[in-house]
Amino acid sequence: MNKQPKTSHLTPWKPGQSGNPLGRPQGARAKFSEKACADALADWTSNGAATLERVRATDPSTYLRVLFSIIPKDIAVSIENRTGPMDSAEMQMMRRLVGLIQATAGAVDPEMVFGWIEEDLRARVARQISE
């Protein structure tokens, strides 16, 4: 025989009624979070730089994990997609190229400009094959 406790006399809570009327007061969680953040900020202000130096020297993997966990995700994605950093001269060339393309934006499709650049460079740099 299956003996289960009888629960037919129990009724669900009425709308607006709490099952725990003496539970956590409203705003208590927010107060706790605010206090925890204030304490963390105070600790960071006085010990942050020294702690970073110590962790970087003694546990580089934790150091990197913490740094990457606080970087906004959109920045992390753009860092991951790069093939390598550009030096100052490369950045100046890119700015000049972008400026030239933007100057033609109203008259010519930028993809067409890229095609012209690629075609022209290939024609100018190609080497003749001697037989």
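The values are calculated or read from the model by the stated rules, or taken from the named source; none is laboratory data. Not measured: the values here are computed from a predicted model. Accessible surface is based on the protein model in full, side chains and every heavy atom, while ligands, DNA and RNA are left aside. Shrake-Rupley method; radii C 1.70, N 1.55, O 1.52, S 1.80 Å.
Remarks
- Taking all protein chains together and rolling a 1.4 Å probe, residue 24 ends up with roughly 140 Å² accessible.
- Couplings 3J(HN,Hα) for region 93-102, derived from phi with the Karplus relation 6.51 cos²θ - 1.76 cosθ + 1.60 (θ = phi - 60°), are 5, 5, 4, 5, 5, 4, x, 5, 5, 5 Hz, where x marks Gly and Pro.
- Counting 0.36 nm for each residue step from residue 50 to residue 68 and taking away their Cα separation leaves a gain of 4.6 nm.
- Take residue 121: with every protein chain present and a 1.4 Å probe, its accessible area is about 100 Å².
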